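Reading through the C-alpha cells given below for one structure.
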Amino acid sequence: MADPVDEALKLIQSKPEGVLQSELWKELGVDSRKCSRIVKKLEEGGLIERSEFRKDGIKTFLLRARQLPVNPGDLLAGDELIPCINCELECLVEECHPLMDWMYQLAIVQHTE
Ligand code: SF4
C-alpha cells in the first residue's frame, strides 16, 4: 500500500493552484484527523505551505507545494546537460528527439553506475 504522506504530496504537487485540506482527506480516502497529521508532517518537512482559506463561509486551509531548488545533478546525463536549457525549438515534449536522446543517455549512465 502506498504511503499516504507521499500520496498527499504528489496530489498537492500535481495542482499548482493548490488543494483545500477539506477536500484532500476525501481524495486520499482517510479521515480528517489523519489528514491533519499528514499535512502537519508535510508542512514541518518544508514541503508544502498552508494558508487559511474560506469556502462557503467555512474555514479550511489551502495547501500548496513549495518550490524546491533544483539539484543541478538532475539536469545532467553524464556530462550532457538536458537539452531544454536554452532550447529555442517549438516544444512538443512527446515528440522531442533531443530530449529522448538525452533520456536514453541518462538511462545508460544510471545503468552503468
Ligand atoms: S522538450 Fe525538447 S523542445 Fe521542449 S524544451 Fe526540451 S528540448 Fe526543447
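The values are calculated or read from the model by the stated rules, or taken from the named source; none is laboratory data. Just so it is clear, the model here is predicted, and its values are computed rather than measured. Don't worry about glycine lacking a Cβ; one is built from the backbone with ideal geometry, like all the others, and counts go over all protein chains shown.
Would you confirm, using the coordinates I've provided, whether VAL39 is of a type in the set (Val, Ile, Thr), surrounded by 10 or more Cβ atoms within 10 Å (Cβ to Cβ) and assigned to a helix (DSSP H, G or I)?
Working: of a type in the set (Val, Ile, Thr): yes; surrounded by 10 or more Cβ atoms within 10 Å (Cβ to Cβ): yes; assigned to a helix (DSSP H, G or I): yes.
Answer is yes for this residue.
Tallying residues that are out of contact with any helix residue (DSSP H, G or I) (no Cβ under 7 Å at 6 or more places or on another chain) and assigned to a strand (DSSP E or B) within the stretch 65-109 yields 1. Condition (residue is β-branched (Val, Ile, Thr) and within 16 Å of the ligand (Cβ to nearest atom)) applied to the stretch 60-82: is it met by at least one residue? Taking every residue of the stretch 60-82 in turn, at least one turns out to be β-branched (Val, Ile, Thr) and within 16 Å of the ligand (Cβ to nearest atom). Among the residues of the stretch 26-33, is there at least one that is surrounded by fewer than 11 Cβ atoms within 10 Å (Cβ to Cβ), closer than 30 Å to GLN110 by Cβ and not assigned by TED's automatic domain parsing to the domain that holds LEU106? No, that holds for no residue.
Limited to the stretch 1-36, what total is found for residues that are farther than 19 Å from THR60 by Cα and either among the small types (Gly, Ala, Ser) or assigned to a loop (DSSP other than H, G, I, E, B) (or both)? Summing the residues that are farther than 19 Å from THR60 by Cα and either among the small types (Gly, Ala, Ser) or assigned to a loop (DSSP other than H, G, I, E, B) (or both) in the stretch 1-36 gives 4.
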